[in-house]
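Encoded as C-alpha cells, the structure appears first; notes follow it.
The values are calculated or read from the model by the stated rules, or taken from the named source; none is laboratory data. Note that the structure is a prediction, hence the values are computed from the model and not measured. Quick reminder, even Gly has a Cβ in these numbers, built from the backbone with ideal geometry, and neighbours come from all protein chains shown. Note: accessible area is taken over every heavy atom of the protein model, side chains too, but ligands, DNA and RNA are not part of it. Shrake-Rupley method; radii C 1.70, N 1.55, O 1.52, S 1.80 Å.
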Amino acid sequence: MTQSHQLQATVEALVRQGKGILAADESGPTIAKRFAAIGVDSTPDNRRAYRSLLLATPGLGDFVSGVILYEETLGQCAEDGEPLPALAARQGIVPGIKVDTGKGPLALAPGDEITHGLDGLAERLEAHAKLGARFAKWRAVYNVSDSLPGRAAIEANAESLARYAAICQAQGVVPIVEPEVLIDGDHGQARCAAVTQEVLLAVFRALHRHRVALEHMLLKPSMVVPGKAHVRPAGPEEVAHETLRVLRRTVPAAVPGIVFLSGGQSAVEATVNLDAINRLGPQPWRLSFSYGRALQDPVLQAWRGQPAQVQAAQEALRQRARLNALASRGEYDAAMEKSA
Ligand code: 13P
C-alpha cells in the first residue's frame, strides 16, 4: 500500500457515518486529577485497569471508530496479555496516539501558551506506528480575554500544528489537528466566534504553507460557546448556528471530518450541542465527536476503582457513546437520557 492509500484508508475508517472518537489520552498529571476526584491512586496498574475497561467495553466499536491513547497505554497489555492497541483493533477501533508533550507559556506574550513536542517527532511516530498507532493528535490551546490570544500565539500555534501535521503525513500517520479555544472566562459567544475564526484561518494558512493534504487529516475544534463565567449561556441552536457559521467560513470542503472536543461541557450538553449541529443539514464535512471528559466522566463516576463496578462503568460508556453516535446523525432525543 502506498503512503497515500494508507492515509486514505485510515481517514475512511475514522469518519464512518454514525461513529466518533474516544479521547483517552490524558497525560500523567491529567489522569491523576481525574482519578483523585474519584479517590483512586494514579498508579500504572490502575491506569492500565481503567483503560483496559474502556477498550474492552462490549459493542464500543458500534459507536466509536477510533481511540486516542497516551504513550504509556500504547505499550500496556490487558489482564490476559493482549496489547491494548490490539484490543482496540479487535473491537474495530483504530488506535491513535497523542504526540504533543504539553503546553507552556509563550515567551514575551503574557497569558498566551504554546504547545511543545516537535523535537524528535518523526522518530517517535515511527515507534508508535510499530505499536499500532495509525493516527495522531496535537492540541494547541488559546486563552480568551479582550486582548487574548495575541497574534504571536495564533501564528506560532498554527505553525506548530502545521509542522506536526506534515511530519505525521510524511510517516503515513493521519494527523488530528486540535486548536482548542478555551471555555474559561466571562467572554460572550461573539468573542469566542471571533477568536475561533482567526485561529482557524491561521491554522489553514499554515497547513497550506506546509503542503498538508487536507483530505488526509481531521480537524478537532472547540464549539463556539460563551465563556463558562459569562452571564448568559447559549442554547443548542445558538451554539450550532455560530459554530457552523465559523466553520463554513474557515474550513475547506476537502477536510473529510470535523470531530469536536467537549472542552468542559457536561456530558449531556456535549451530546445536545452535537445533535443540534447535525440537525442543521448536510455540510461539506462529516461532523462528529472526539470527546474525552464528555464520554468518560460518567464512566469514572460508575467505576470509582472498584473491580465489581467494571460492568456498570462499561455500560455507562456504551450508553454515552451510543447517544453521541445518534447525535452525530442528528437523531438524538433528550428522552433517551431517561430510558438509560
Ligand atoms: P475533552 O473532550 O475533555 O475536551 O478532551 C478532548 C481532548 O482530546 C483534549 O485534548
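Residues considered: Lys130, Lys103, Lys228. Largest GNM mean-square fluctuation over the chain, using C-alpha springs under 10 Å, is found at Lys130.
Take the Cα radius of gyration of segment 258-304 and divide it by 2.2 N^0.38 Å, with N its residue count; two decimals is plenty. The partial results should precede the final answer.
Numbers: Rg = 12.0 Å, N = 47, 2.2 N^0.38 = 9.5 Å.
Computed over Cα atoms of segment 258-304, the ratio equals 1.27.
For segment 85-178, the direction-averaged projected area of the alpha-carbon convex hull comes to 6.6 nm². Residue-wise HN-Hα couplings along segment 88-97, as the Karplus relation 6.51 cos²θ - 1.76 cosθ + 1.60 with θ = phi - 60° gives them from phi, are 4, 4, 5, 7, x, 10, 6, x, x, 9 Hz; Gly and Pro carry x.
For segment 130-285, the spread of Cα coordinates along the three principal axes comes to 47, 34, 30 Å, biggest extent given first. Across segment 69-189, C-alpha contacts under 8 Å between residues 6 or more apart give a mean separation that, scaled by the residue count, equals a relative contact order of 25 percent. The H on the amide N of Ser262, modeled in the peptide plane, is under 5 Å from the matching H of Gly292, Arg293, Ala294, each at least 5 residues off or on a different chain.
Looking at the chain, what % of its DSSP beta bridges pair antiparallel, to the nearest 5?
10
If I compute solvent accessible area with a 1.4 Å probe over the protein chains, what percent of it on segment 1-124 is carbon and sulfur? Taking all protein chains in place, segment 1-124 shows 54 percent carbon and sulfur surface. Within the full protein context, the accessible area of Ile68 is estimated at about 0 Å² for a probe radius of 1.4 Å.
Taking all protein chains into account, the per residue accessible area for the chain stands at 41 Å² (1.4 Å probe).
Of the peptides 210-223, 284-297, the ranking by mean beta-carbon count within 10 Å, highest at the top, reads 284-297, 210-223. In segment 169-240, the inverse of the mean reciprocal separation of distinct Cα atoms equals 13.6 Å; this is its Kirkwood hydrodynamic radius.
Our summary gives the chain a relative contact order of 18 percent, counting only alpha carbon pairs under 8 angstrom and 6 or more residues apart.
Per DSSP helix of 4 or more residues, -39500 (n - 2.57); summed, then divided by the residues of the chain. What does that give at 222 nm, rounded to the nearest 500?
Numbers: 13 runs with 157 residues, N = 340.
Only helices count here, giving -14500 deg cm²/dmol.
Taken one residue at a time, the phi angles of segment 13-30 give Karplus couplings (6.51, -1.76, 1.60, θ = phi - 60°) of 5, 7, 9, 3, 3, x, 10, x, 10, 9, 8, 10, 10, 4, 6, x, x, 6 Hz. Gly and Pro are set to x.
What is the diffusion coefficient of segment 238-335 in µm²/s, taking the Kirkwood radius over Cα pairs and the Stokes-Einstein relation at 10 °C with a viscosity of 1.306 mPa s? Don't jump to the answer; show the numbers that get you there.
Details: Rh = 14.2 Å.
This corresponds to a translational diffusion coefficient of 112 µm²/s.
Based on the Stokes-Einstein relation at 4 °C and a viscosity of 1.567 mPa s, and on the Kirkwood radius from alpha carbon pairs, the chain is assigned a translational diffusion coefficient of 65 µm²/s.
Heavy-atom surface analysis with a 1.4 Å probe gives segment 159-204 a carbon and sulfur content of 49 percent of its accessible area.
Geometric descriptor of segment 219-286, per residue, is 80 Å³ (volume of the convex hull of the Cα atoms).
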